[in-house]
Amino acid sequence: MIPNYRSIHNRFKINNFHFDKEALYQLAYTLIKEGKDYENDLGVFLLDWLDDKETIQLTTSGTTGAPKVITIKKQSMVHSAIATGNFFNLHPQDKALLCLPARYIAGKMMIVRAMMLGLELDIMAPSSHLDDLLPHKNYDFVAIVPLQAENSLDKLHQFKKIIIGGAKVSDDLATKLKEIKSAIYETYGMTETITHIAAKKIGEAYFNVLEHVSISIDERNCLVIDAPSISEEKVITNDIVEILNERQFKWLGRYDNVINSGGIKLFPEQIETKLASKIQNRFFITSQPDAVLGSKVVLVLEGEKRDIDSSIFNSLEKFERPREILFVTQFVETETKKVNRNQTLKNKGCIN
């Protein structure tokens, strides 16, 4: 039976203390009045969750366009939380860690999962690493981003199950994660789908969709998500995928990033994956107009202009090799610390 968003599981804890609805109100006010910035965000979300409205407003990340405010039903967030609990076999009194900002959907959903599933949730200040993790403390479940995983490889053994989202896991990071005994998953999702709707174990090619989701593709070969319990309308994405069956798909790249160079379609994300272990600075692949090819592959590197050893491109096919390298002193980021490619190029004067 799916719980109502107004209910709170009697096993739910925050930082080792039980909280019913009235106690959560008091906690929220205290966090807003006396807490640090990340605690303020938690307090604001709790008050929003506990008010009389059936909906809550969320802001999209702005990775592929301008951030926008969308309205989501609280009960839809509950359905998402239950689906996650079932997929990852989470149980009341399992110990979970919140180390993501409560301002954004990934952090909000960790709180909702704890309230609905009866998890014992610890709160940690969001950071690019998990250095504040107590060495003797072990957890059943955590959600992190790739940067946190990369910077905390020596601490990930303290978690039984780890989900990594917010950005693609590079091949280089995946290789390192395979050496860790924890069950580690890469997730696929977005704010509009109330975080992830699919997950795959690190190293696997195909995502497995959660129980509340059906998938198909449109005429562009982009993923279409049908999840009535979380969205009344189908979510049409710009993610080009290969569907293996009704429950599995492989992510290939973004439709709006595809480069047609000399009649060959290239996915920047796949080129980036091949280069990830060879380039230390942040970078991304884009394209520029070319009189012969139509579009040429361009590598955009963060940092001052310098010489680049061409051998780093040896793993690339002929048409994948960058025809030009651009240097940008500092990339533009979204509020969630993802690289804003379009704004970075606009500041560089590459696009209008």
Anisotropy class of the chain from Cα gyration tensor, a/c 1.5 cut: prolate
With a 10 Å radius around each residue's Cβ, average the other Cβ atoms per peptide and rank 278-289, 49-60, highest first. 278-289, 49-60
Write down the percent of antiparallel bridges among all DSSP beta bridges whose residues are both part of segment 48-192, to the nearest 5. 25
So for the chain: antiparallel DSSP bridges make up what percent, rounded to the nearest 5? 65
Heavy-atom accessible surface of segment 1-46: percent carbon and sulfur, 1.4 Å: 51
Residue-normalised accessible area of the chain, given per residue in Å² at a 1.4 Å probe: 50
By the mean-Cβ-within-10 Å protection proxy, highest first, 164-172, 334-342 rank as 164-172, 334-342
Gaussian network model of the chain, springs between alpha carbon atoms under 10 Å - residue of Gly35, Gly118, Gly85 with greatest fluctuation: Gly35
So, in Å, what gap is there between the alpha-carbon centers of segment 1-37 and segment 280-335? 47
Evaluate the relative contact order of segment 164-295 (contact order divided by residue number), counting alpha-carbon pairs under 8 angstrom at least 6 apart; express in whole percent. 16
Segment 147-255 - Rg (one decimal) and Dmax (whole number), Cα, Å: 14.5, 44
FRET efficiency, Ser277 to Asp20 (Cβ-Cβ, R0 45 Å, nearest 0.05): 0.35
Count charges around Val258 for me, please; just the other residues with Cβ under 12 Å from its Cβ, Lys/Arg as +1, Asp/Glu as -1. 0
Rank-order 15-27, 180-192 by packing density, defined as the average count of other C-beta atoms within 10 Å over each peptide's residues, highest first. 180-192, 15-27
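The values are calculated or read from the model by the stated rules, or taken from the named source; none is laboratory data. Quick caveat, the model's predicted, so the values are computed rather than measured. Cβ atoms come from the backbone with ideal geometry, glycine included; neighbour counts cover every protein chain shown. These area figures cover heavy atoms from the full protein model, side chains too; ligands, DNA and RNA do not enter into them. Shrake-Rupley method; radii C 1.70, N 1.55, O 1.52, S 1.80 Å.
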